[in-house]
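Structure record follows, encoded as structure tokens.
The values are calculated or read from the model by the stated rules, or taken from the named source; none is laboratory data. Note that the structure is a prediction, hence the values are computed from the model and not measured. Surface areas here come from the heavy atoms of the whole protein model, side chains and all, with no ligands, DNA or RNA. Shrake-Rupley method; radii C 1.70, N 1.55, O 1.52, S 1.80 Å.
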Amino acid sequence: MVIANIISYVLVLLGAVNWGLYGIFNFNLVGWICQGPRTAGSIIVYVIITLAAVWLIISPIISGHGLRLRTRERKPEEVK
């Protein structure tokens, strides 16, 4: 689950940078990379970014521990 959280964060940050560039400079980074805002490639990227955001919303609910970016370190007394 830790890897899924890290990947989701990276994808959501990519989406945030895309929105920032679009809002400030009217430049769609995903659309530029995929050669159009409504091409199959850009739609797939947008859907993957949306799924990553949904994962970050439901991940703490599923785990019951909150959002984790790394595994919990074991205390010396728990090693036994």
* Asked: For segment 60-66, what does the Karplus curve 6.51 cos²θ - 1.76 cosθ + 1.60, with θ = phi - 60°, yield as ³J(HN,Hα) per residue in whole Hz, taken in order and with x for Gly and Pro?
  -> x, 6, 5, 6, x, 10, x
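Any idea of the accessible area per residue across segment 18-65, 1.4 Å probe, to the nearest Å²? Could the numbers behind the result be given before it?
On the way: 3410 Å² over 48 residues.
With the other protein chains kept in place, segment 18-65 gives 71 Å² per residue.
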